[in-house]
1. Got a sec? Which of 122, 126, 147 is in contact (Cβ under 8 Å) with a residue 24 or more places away in the chain, under 20 Å from residue 212 (Cα atoms) and of a type outside the set (Asp, Glu)?
2. Given the criterion of a type outside the set (D, E, K, R), in contact with a helix residue (DSSP H, G or I) (Cβ under 8 Å, 6 or more places away or on another chain) and over 21 Å from residue 208 (Cα atoms), identify the matching residue among 91, 75, 46.
3. Could you please give the count of residues in segment 26-71 that are out of contact with any Leu (no Cβ under 6 Å at 6 or more places or on another chain), part of a strand (DSSP E or B) and either in contact (Cβ under 8 Å) with a residue 60 or more places away in the chain or at positive phi (or both)?
4. In segment 66-91, what residues are open to solvent by less than 10 Å² (accessible area, probe 1.4 Å) and either more than 17 Å from the chain's Cα centre (by Cα) or of a type outside the set (A, V, I, L, M) (or both)?
5. Would you check if there is a residue in segment 151-174 being out of contact with any helix residue (DSSP H, G or I) (no Cβ under 9 Å at 6 or more places or on another chain) and closer than 24 Å to residue 31 by Cα?
6. Mind telling me which of the residues 228, 269, 298 ends up being touching a residue at least 40 places away in the same chain (Cβ under 8 Å), part of a helix (DSSP H, G or I) and in contact with a Lys or Arg (Cβ under 7 Å, 6 or more places away or on another chain)?
7. Working carefully through the options 276, 221, 250, find the one that is out of contact with any Lys or Arg (no Cβ under 7 Å at 6 or more places or on another chain), among the polar types (S, T, N, Q) and farther than 17 Å from residue 295 by Cβ.
8. Out of 133, 137, 176, report the one residue that is modelled with pLDDT of 95 or more and within 25 Å of residue 251 (Cα to Cα).
Amino acid sequence: MKLTNGKETMLDDLQEGIKRAYPTLKHVAGTRGFINRNFKDEIVPLISGGGSGHDPAHWGFVGDGMLAGAVSGELFVPPTAKEIIEVTQKLTSKKRVFYIVKNFERDVDEFCKARLFLENAGWKVGMAIVKDDISVDAASFEKRRRGVAGTVFFHKILGAYAKNGASVEELQQVADELLENVKTIGVAFSGDNFLLKENEIYYGIGIHGEEGYRKERFESSEMLARELISKLKLSFGFKSQDMYAVLVNSLGEVTKMEQLIFNNDVCELLEAEEISIGFDKAGTFLTSFGIKGISLTLLKIEDENWLKALKTKVDAPEW
């Protein structure tokens, strides 16, 4: 059961609900985009987006110190280049913008079309294509590198840099440095697009309901944390005294109690590896409509300014 009035009106109802609940967000007519009413145009605006169904991503991170705007398409379908351009032009008159895009072919295609159009019109456009998912394809065992919950770290860190006056070029440099230092893996407990037995979990599922790489019986939060951390350890190559930021994210329908229990297990296991935890946050940041599950994101802190950026206070509805 889902608390909606049916799929036909679901996204329109969502849009109206956002407008009512979050008056600091201004809807851009003709799109499913929102911009920060209080945006100050002397800084480079950050815009992110993608398909609907990942709430509160990305509208929930529009606010002072994070995104200046966010634009969504239909359910699991990215906005068109025309819609991205419309939101961008409504937001700023300074002809510069920075896009944060999840690494899905259609998302990247639409944002790149928007970028090309604007650059041809004299704009300066930066772009981060986030590819933090380290799960593997079950057939080939190749890394998928989709953009998932780690995208929110880009919103937060780049948002702080932008607020401090960073140029498009400076934002691009930070984003490029972040790309290989943010990694995520997720697991589903149920989903509309796949069948699981009672008490069975599915590793490596995608945020559009894509199949994962392994199913197994659920044992405990700690055992789940061990599995996800072992994959991240292998990918990062943990070294004693390395510092990481932790983001525990509900993919949907996971209670705060469950999030915090899992978060505690994650932190204890990292400390057992002699990993320093510089930042830790648990909550609901990027979901997948129709899935109950959780994901774990780690950011290796290679620059102490990233940590300062993560800890900077912001005025965004869902951070």
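1. Matching residue, one of 122, 126, 147: 147.
2. Of 91, 75, 46, the one residue that is of a type outside the set (D, E, K, R), in contact with a helix residue (DSSP H, G or I) (Cβ under 8 Å, 6 or more places away or on another chain) and over 21 Å from residue 208 (Cα atoms) is 46.
3. Number of matching residues: 5.
4. 69, 73, 79, 84, 87, 88, listed by residue number.
5. Checked segment 151-174: at least one residue is out of contact with any helix residue (DSSP H, G or I) (no Cβ under 9 Å at 6 or more places or on another chain) and closer than 24 Å to residue 31 by Cα.
6. The conditions single out 269.
7. That would be 276, the only listed residue that is out of contact with any Lys or Arg (no Cβ under 7 Å at 6 or more places or on another chain), among the polar types (S, T, N, Q) and farther than 17 Å from residue 295 by Cβ.
8. The match here is 133.
The values are calculated or read from the model by the stated rules, or taken from the named source; none is laboratory data. It should be emphasised that the depicted structure is a prediction, and the values quoted were computed from it without experimental measurement. Ideal geometry is used to build each Cβ from the backbone, glycine not excepted, and the neighbour counts take in all protein chains shown. Surface areas here come from the heavy atoms of the whole protein model, side chains and all, with no ligands, DNA or RNA. Shrake-Rupley method; radii C 1.70, N 1.55, O 1.52, S 1.80 Å.
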